[in-house]
Amino acid sequence: MKKPFLFLLLCCIQFVNSQELALVKKNSKIGYITKDGSFKIEPQYKSARSFSEGLAAVENGGKWGFIDAKGSWIIPASFDEAKDFNSGIAIVKTGKEWVYIDRKGETQKAPASEKLFDFSNGVAFIRQNNKVGLINNKMAVVLEPKYDQIKPFENGFARVELNKNWGIINTDGKELVEPSYAEIGNYFKNTTWARKDKTFGLVSGGKFIPVDGAEKIWDFETQDLTFAKKNGKIGYIDLKGNWAILPIYDKGKAFSKNLAPVLVGKKWGFINPEGKFVIEPTYSDAEVFSTNGLAPVKESNWGFINESGKLVIPTQYGITTNAIIAMFVQQDKGFIDGVARVKNEGKWGFLKPDGTVLSNQWFENAELFSKSAERHQPASAPAEATKQETKTTKTAVKSTTKPAAKKKK
């Protein structure tokens, strides 16, 4: 009995090659580097996309196909356009028609939809008669079209609109929060913020809890505090809707590593969950701490401090996220998986935590590192979306409403 059990166990294990590759442009050609800075695939492509689930879309002779981490063609270049793989499915265009394909390049017959949408978190939208529902990567309908809008899924949850009211669903299409609010936030530890008429509060266990005097609330991120506005000032509330830190700041960003950037006058510093300054306001801008304990701070340019406030990397760089991706997917500025994408004298490169530049190389363009190997799963199991590891922090001056998923024509 042990051998069959072991066989079944092995069949259910997901194997992930941890190697990551980053798309870079050198001498007007695109290639891919590894985390040690060496080229895994030499620059040779005019147009290409980052790796996703083990494949990268690249252009060859005016047509698009997909290569693996060795640079071998897995799906021949025969499409007019191609998007990234997600949940084992990609959208490609032939002529004027967009279709879904699997990792073998075979067309997948999807339920009727007025437009095709990218997969994420194992599902994709379908739209019929101006109503939106969900399908899974087996092309089966998970949720019949019933909502007016579904925002992109984040960690398995999405905001939905019905008759100008907002709620939250999961990837099974189950309503976790009934659409009955004028605005709604993300879903974090079974809680979300919402606006009911003109009152802001939290929704937990199906109950709406008003937050005293709140004029706006931002999404919870990685800790049990989020920032909110009262009388034009920013403070922080907990998951019960209590003001844990009084609203006395001009702007604020999310907590990470028990530190949050706040603006006082024209300078940014960092406070702890008790509202005390750990790093005094001395910077013209600041971002949240990464998991490695470093945070971007700005004087005239950007550098990095540690959790005690010591400047460990000089303020001489530009930092940014991919502006197009950031419209749909939240991304961190700063260190992600051990490196930070920075700009210096018009060139892009990757900083290491010790302040040195990866392989001492600068590029015309550089994108974030992404997994270069597919996530293997048993055929009977639904494919899992690539884990979203990074998020940007929303500041108190930005809207929390997120754009709908990009539509394919």
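Kirkwood-based Rg over Rh for the stretch 106-244 (C-alpha set), two decimals?
1.05
Among 156-163, 138-145, how do they line up from the highest to the lowest mean number of other beta-carbon atoms within 10 Å?
Working: 156-163: 19.5, 138-145: 15.9.
Descending packing order for the listed peptides: 156-163, 138-145.
Express in % the proportion of alpha carbon pairs of the stretch 110-181 at distances exceeding 21 Å.
So the pairs more than 21 Å apart make up 15 percent of the total in the stretch 110-181.
Pairs of alpha-carbon atoms within less than 8 angstrom and 6+ residues apart define the contacts here; what relative contact order does the stretch 110-181 have, in percent? Show your work: numbers first, answer last.
Numbers: 161 pairs, mean separation 14.3, N = 72.
Here the relative contact order equals 20 percent.
Under the Karplus relation 6.51 cos²θ - 1.76 cosθ + 1.60, θ = phi - 60°, what is the ordered set of whole-Hz ³J(HN,Hα) values for the stretch 254-267, x standing for Gly and Pro?
Using θ = phi - 60°, the values come out as 6, 6, 7, 6, 6, 9, 10, x, 9, 10, 10, x, 10, 10 Hz.
Kindly put Phe51, Phe153, Phe350 in sequence by how many other C-beta atoms sit within 10 Å of each C-beta, fewest to most.
Arranged by neighbour count, lowest to highest, Phe51, Phe153, Phe350 become Phe153, Phe350, Phe51.
Per-residue HN-Hα couplings for the stretch 43-50, Karplus 6.51 cos²θ - 1.76 cosθ + 1.60 at θ = phi - 60°, whole Hz, x for Gly and Pro?
x, 7, 9, 6, 9, 6, 10, 5
So for the pair Met139, Glu114, with labels modelled 7 Å out along Cα→Cβ, what separation do we get in nm?
2.3 nm
Considering the zone a paramagnetic label at Lys240 would reach in this model (a point 7 Å from Cα along the Cα-to-Cβ line), which residues of the stretch 260-274 have amide N under 19 Å from it?
Answer for this model: 273-274.
What nm distance separates the two modelled labels at Glu274 and Ser78, each placed 7 Å from Cα along Cα→Cβ?
Between Glu274 and Ser78, the simple spin-label model gives 6.7 nm.
Pairs to check: Lys216/Lys333; Lys26/Lys266; Lys229/Lys257. Give those whose C-alpha atoms are more than 29 Å from each other in this structure.
Working: Lys216/Lys333 24 Å; Lys26/Lys266 39 Å; Lys229/Lys257 22 Å.
Pairs exceeding 29 Å: Lys26/Lys266.
With a cut-off of at most 15 other beta carbons within 10 Å, and DSSP calling the residue loop, which GluC sites (Glu not before Pro) in the stretch 188-293 qualify? Please list them. Present the calculation step by step, with values, prior to reporting the outcome.
On the way: sites: Glu215, Glu221, Glu274, Glu287; in loops: Glu215, Glu221, Glu274, Glu287.
Those satisfying the criteria are Glu215, Glu274.
Computed from the coordinates by the stated procedures, all read-outs in this text should not be read as laboratory data. Predicted model, so just to flag it, every value in this text is computed and none were measured. Note: ideal-geometry Cβ built from the backbone for every residue, glycine included; neighbour counts use all protein chains shown.
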